[in-house]
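Okay, so here's the structure we're looking at.
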Amino acid sequence: MAFEVVADSLGAQAKDSSKTVANIAVRRRRETIFKICGLLATSFGLITLALLLIDLAAAGFPRLSWDFFTNFPSRRASQAGILSAWVGSLLVILTTASIGVPLGVGAGIYLEEYGRRNWLTSIIEINITNLAGVPSIVFGLLALGLFVYGLGTGRSIFTAGLTLALLILPIIVVATREAIRAVPAALREAAYGIGCTKWQVTRDHVLPASLPGILTGVIIGISRALGETAPLITIGALTFIAFLPDSPISSEFPFVSFSWLFDGFTVLPIQAFNWISRPGSDFHANAAAAGIVLLAITLGLNAIAIYARYKLRKKLQW
Amino acid sequence: MTAMSSVSIKTTIAAKPEFKFGKNKVSANNVNVFYGDKHALKDVTVNIPEKAVMAFIGPSGCGKSTFLRCLNRMNDTIPIAKVTGKVEIDNQDIYDKALDVVQLRARVGMVFQKPNPFPKSIYENIAYGPKIHGLAASKSDLNEIVEASLKKAGLWDEVKDRLSDSGTGLSGGQQQRLCIARAIAVSPEIILMDEPCSALDPIATARIEELIDELRENFTIVIVTHSMQQAARVSQRTAFFHLGVLVEEGTTDTIFTNPNDSRTQDYITGRFG
Ligand SMILES: Nc1ncnc2c1ncn2[C@@H]1O[C@H](COP(=O)(O)OP(=O)(O)OP(=O)(O)O)[C@@H](O)[C@H]1O
Ligand SMILES: [Mg+2]
């Protein structure tokens, strides 16, 4: 029986060889069609992006000058600058990162390495995944209720940092967990086998091996936070600020001051939004210029991330 | 395995000098291991003599690795694994609640099937263990440990000029010797080796076998192997596992020339496994 089947299929194969040739031609054609479709899809995105960038650059470049960075916003478009906006963005991101990164990486390590697989960790896991899909305006509403009114942290840089930290927490947690999960089991076994405690395994082996991946998550999160507008407007970021937050360096002991945390602020995307919503092309040019600066910061961050990842990978010596 | 090779095993055995066993280093009593519902190891009772090489042989999936991992409690790292019974090292129950498993793993080193050096420099690979266990008081102490361990593992001459190179850049055989050196560096009393040569070519294998023979002077060695030849060459005692049961255990001599159990006989003559 079995033999007959084999013989049959052999015969069929021989007969089919001319069919196979035709078949290959069809397959080739399909491949070409797919290639063209793929190329079109890719270039659609690229061309749109390029057009956008060119448009932005054409509108904004003439406004980019030293004064633009050192001036406060003004009623006159030609004198308006982004000083308060970029300082605000910087301080908000600093606060966001200082809160979000340790929390996110810590939670990721806990869930992956320490958390037992039980209903509690399952609930936490589901929540974190859901959190990543929550619209940012909802975070703003939450922050307004919880931080501004509940805890009385005010419409401050601190509140903004907390809010954005919450927003990017799931991104960092998920990236951390994935990076940790990608660490080969053999490395863990080697470390345990030599008598490492769990913490030593984590700190000396798992974390260094997963740092490049974690870093990527952190940078993606921070880039996202940098561009957020909605939650910050919700918590009451100002749109017209003609002063800087308190200086973080003071002349008296202990020489650092954190009172800036509780100052009002604005950030680059809000400033840009404010300008674009005004009538008059002068202000629109300002908005484009602010957009260029924001874009440059984001790209710069990504460049740093890529460089750091490259350095870390080299240090790992796989 | 053919009749030819079983003859050559007999010559291997005959060529080996008489061995005098010391006291027992490890004794396992009625050890059972469960992976969830799966009963992987059934009532294993065996003694392992000190300063000798004991080989575990048996078909794939019979529980050799599982038993080996009981001896340094590596099974603790598998959440679903459950171990019952008693394992004593120097008459001390290693599953005692008061026993520090980190300390235990410093006393019972392990070498894995696939060489797994840390993605760090050759020096760091060796120095890491002594550092975390506080075995070196100074930098020069540490240097000495690194050098001595690499020498004992027969790797020193090959790497002494490139200690800061990556451990993962070495050849497979060198990596495995690096892993052995890493295990030696924390001065264990027992070294567990789970198929240490299965990823290596014959020359590298011969090198490791030589090394095992030298290490026997100072360490108690337990080796899992699929190569009957290897077991015959390097071990003084052999235990045969089958389907989670320890079928037979005795001097390597007896197991390979005059086994009691027909299953052992069948396995060593290559009728299954
Ligand atoms: N982590 C695990 N989870 C579940 N079952 C396992 C696990 N490790 C081993 N087992 C099972 O336990 C039994 C014994 O496995 P073990 O690895 O000890 O065999 P082995 O004798 O070392 O085999 P090999 O020679 O192939 O390495 C096998 O049936 C295996 O499927
Ligand atoms: Mg095994």
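The values are calculated or read from the model by the stated rules, or taken from the named source; none is laboratory data. Treat the numbers as computed from the prediction; the structure is a model and nothing was measured. Because the Cβ atoms are built from the backbone with ideal geometry, glycine has one as well, and the counts that use them run over all protein chains shown. These accessible areas exclude ligands, DNA and RNA; they are computed on the full protein's heavy atoms, side chains included. Shrake-Rupley method; radii C 1.70, N 1.55, O 1.52, S 1.80 Å.
Beta carbons within 10 angstrom, averaged per residue: use that to sort the peptides A:144-150, B:193-199, highest first.
Result, highest mean first: B:193-199, A:144-150.
Of the listed peptides B:138-145, B:80-87, what is their order by residue-averaged count of other C-beta atoms within 10 Å, with the highest listed first? Walk me through the numbers before you get to the answer.
Values: B:138-145: 13.0, B:80-87: 15.2.
Descending packing order for the listed peptides: B:80-87, B:138-145.
Mind ranking B:95-103, B:215-223, B:182-190 by how tightly packed they are, going by the mean number of other C-beta atoms within 10 angstrom, highest first? Don't skip to the answer; put the middle values down first.
Details: B:95-103: 12.2, B:215-223: 20.7, B:182-190: 23.8.
Highest to lowest by the protection proxy: B:182-190, B:215-223, B:95-103.
Using Cα positions and a limit of under 17 Å, work out the aspartates and glutamates in reach of B:Lys114, with same-chain residues fewer than 8 apart set aside.
Filter leaves A:Glu189, B:Asp194, B:Glu195, B:Asp201, B:Glu209.
Report which residues of the range A:275-318 become buried by 40 Å² or more of accessible surface when going from the isolated chain to the complete set of protein chains (1.4 Å probe; DNA, RNA and ligands ignored).
Hits at the 40 Å² cut-off: A:Gln317, A:Trp318.
Out of all DSSP beta bridges in chain B, what portion is antiparallel? Express it as a percent rounded to 5.
On the way: 25 of 43 bridges.
About 60 percent, rounded to the nearest 5.
Which whole number gives the average count of other chain Cβ atoms within 10 Å of the Cβ atoms across peptide B:67-73? Don't skip to the end; give the middle numbers.
Values: counts 0, 0, 2, 0, 0, 3, 1.
Counting Cβ atoms of other protein chains within 10 Å of each residue's Cβ and averaging gives 1.
Under a point-charge model restricted to the Cβ atoms of Lys and Arg (+1) and Asp and Glu (-1), what is the dipole moment magnitude of the range B:3-268 relative to its Cα centre, in debye to the nearest 20? Walk me through the numbers before you get to the answer.
Values: 31 positive and 32 negative charges, 58 e Å.
Rounded to the nearest 20 debye, it is 280 debye.
Once you've got the GNM for chain A with C-alpha springs shorter than 10 Å, pick whichever of A:Ala41, A:Ala57, A:Ala230 has the biggest mean-square fluctuation.
A:Ala41
Could you work out the Rg to Rh ratio of the range B:24-139, with Rh taken as the Kirkwood radius (inverse of the mean 1/r over all Cα pairs)?
Working: Rg = 15.9 Å, Rh = 15.9 Å.
Checking Rg against Rh, the ratio lands at 1.00.
Under 10 Å from the Cβ of B:Gly167, count the other residues' Cβ atoms, weight Lys and Arg +1, Asp and Glu -1, and hand me the total.
Details: positive: B:Lys120, B:Arg182; negative: B:Glu124, B:Asp165.
Result for the neighbourhood of B:Gly167: 0.
If I build a Gaussian network model for chain B, linking alpha-carbon pairs within less than 10 angstrom, which residue out of B:Met228, B:Met54, B:Met110 has the largest mean-square fluctuation?
The residue with the greatest mean-square fluctuation here is B:Met228.
Please state the shape class of chain A: rounded when a/c is under 1.5, otherwise prolate if a/b exceeds b/c and oblate if not, all from the C-alpha gyration tensor.
Numbers: a/c = 2.55, a/b = 1.47, b/c = 1.74.
Here chain A falls in the oblate category.
Mind checking the full-extension length gain between A:Ala185 and A:Thr197? Use 0.36 nm per residue of separation minus the Cα-Cα distance, one decimal, nm. Could you put the intermediate results ahead of the total?
Values: separation 12, 0.36 × 12 = 4.32 nm, distance 1.57 nm.
Taking A:Ala185 through A:Thr197 to full extension adds about 2.8 nm, to one decimal.
Ballpark to the nearest 100 Å², how much total accessible area do B and A bury together, probe 1.4 Å?
Numbers: alone 12550 and 18850 Å², together 29670 Å².
Chain pair B/A: roughly 1700 Å² of buried accessible area.
Straight distance only, please: which lysines reach the Cα of A:Lys35 with their own Cα at less than 21 Å, same-chain residues fewer than 8 apart left out?
Correct list for A:Lys35: empty, as no lysines qualify.
With respect to the cross-link table entries B:Lys16/B:Lys51; B:Lys20/B:Lys151; B:Lys42/B:Lys86; B:Lys25/B:Lys86; A:Lys198/A:Lys315, which display a Cα-Cα separation exceeding 19 Å? Could the numbers behind the result be given before it?
Working: B:Lys16/B:Lys51 16 Å; B:Lys20/B:Lys151 27 Å; B:Lys42/B:Lys86 13 Å; B:Lys25/B:Lys86 14 Å; A:Lys198/A:Lys315 23 Å.
From the list (B:Lys16/B:Lys51; B:Lys20/B:Lys151; B:Lys42/B:Lys86; B:Lys25/B:Lys86; A:Lys198/A:Lys315), the Cα-Cα distance tops 19 Å for B:Lys20/B:Lys151; A:Lys198/A:Lys315.
In the protein assembly as shown, what percentage of the DSSP-assigned beta bridges are antiparallel, given to the nearest 5?
Numbers: 26 of 44 bridges.
Among the beta bridges of the protein assembly as shown, antiparallel pairing accounts for roughly 60 percent.
What does the average come to when, for each residue of peptide B:77-90, you count the partner chain Cβ atoms lying within 10 Å of its Cβ?
What the average comes to for B:77-90 is 1.
Would you mind telling me which residue in A:Gly133, A:Gly38, A:Gly300 has the biggest mean-square fluctuation in a Gaussian network model of chain A, where springs connect alpha carbons within a distance under 10 angstrom?
Among A:Gly133, A:Gly38, A:Gly300, the largest mean-square fluctuation in the Gaussian network model of chain A belongs to A:Gly38.
For the protein assembly as shown, rounded, prolate or oblate, judged on the Cα gyration tensor with a ≥ b ≥ c (square roots of eigenvalues), a/c < 1.5 rounded, else prolate if a/b > b/c? Present the calculation step by step, with values, prior to reporting the outcome.
On the way: a/c = 2.70, a/b = 1.87, b/c = 1.45.
Prolate shape, in that a/c is at least 1.5 and a/b is the bigger ratio.
Which whole number gives the average count of other chain Cβ atoms within 10 Å of the Cβ atoms across peptide A:196-205?
Working: counts 7, 4, 2, 0, 3, 1, 0, 0, 6, 4.
Neighbouring Cβ atoms belonging to other protein chains average 3 per residue here.
Which net charge results for the neighbourhood of A:Val218, defined as the other residues with beta-carbon distances under 14 angstrom from its beta-carbon, given Lys and Arg at +1 and Asp and Glu at -1? If you can, show how the numbers build up before the last one.
On the way: positive: A:Arg177, A:Arg224, A:Arg309; negative: A:Glu178.
Overall, the nearby charge balance is +2.
Taking the Cα centre of each part, how many Å lie between the range A:56-120 and the range B:11-44?
Between the Cα centre of the range A:56-120 and that of the range B:11-44, the gap is 62 Å.
Could you tally the net charge around B:Ala55, taking each other residue with its Cβ under 10 Å from the Cβ of B:Ala55, Lys/Arg +1 and Asp/Glu -1? Display every interim value, and only then the final one.
Details: positive: B:Lys64, B:Arg233, B:Arg237; negative: none.
With Lys, Arg at +1 and Asp, Glu at -1, the neighbours total +3.
Quantify, in whole percent, the carbon and sulfur part of the accessible surface of chain A (1.4 Å probe; protein heavy atoms only).
Details: 12520 of 17950 Å².
Roughly 70 percent, rounded to a whole number.
Quick check: Cα centre of the range B:182-224 to Cα centre of the range B:70-147, how many Å?
Measuring centre to centre over Cα atoms gives 15 Å.
When a/c is below 1.5 the answer is rounded, else prolate if a/b is larger than b/c, else oblate, so apply that to the range B:3-268 with a ≥ b ≥ c taken from the square roots of the Cα gyration tensor eigenvalues.
Numbers: a/c = 1.82, a/b = 1.29, b/c = 1.42.
The shape class here is oblate.
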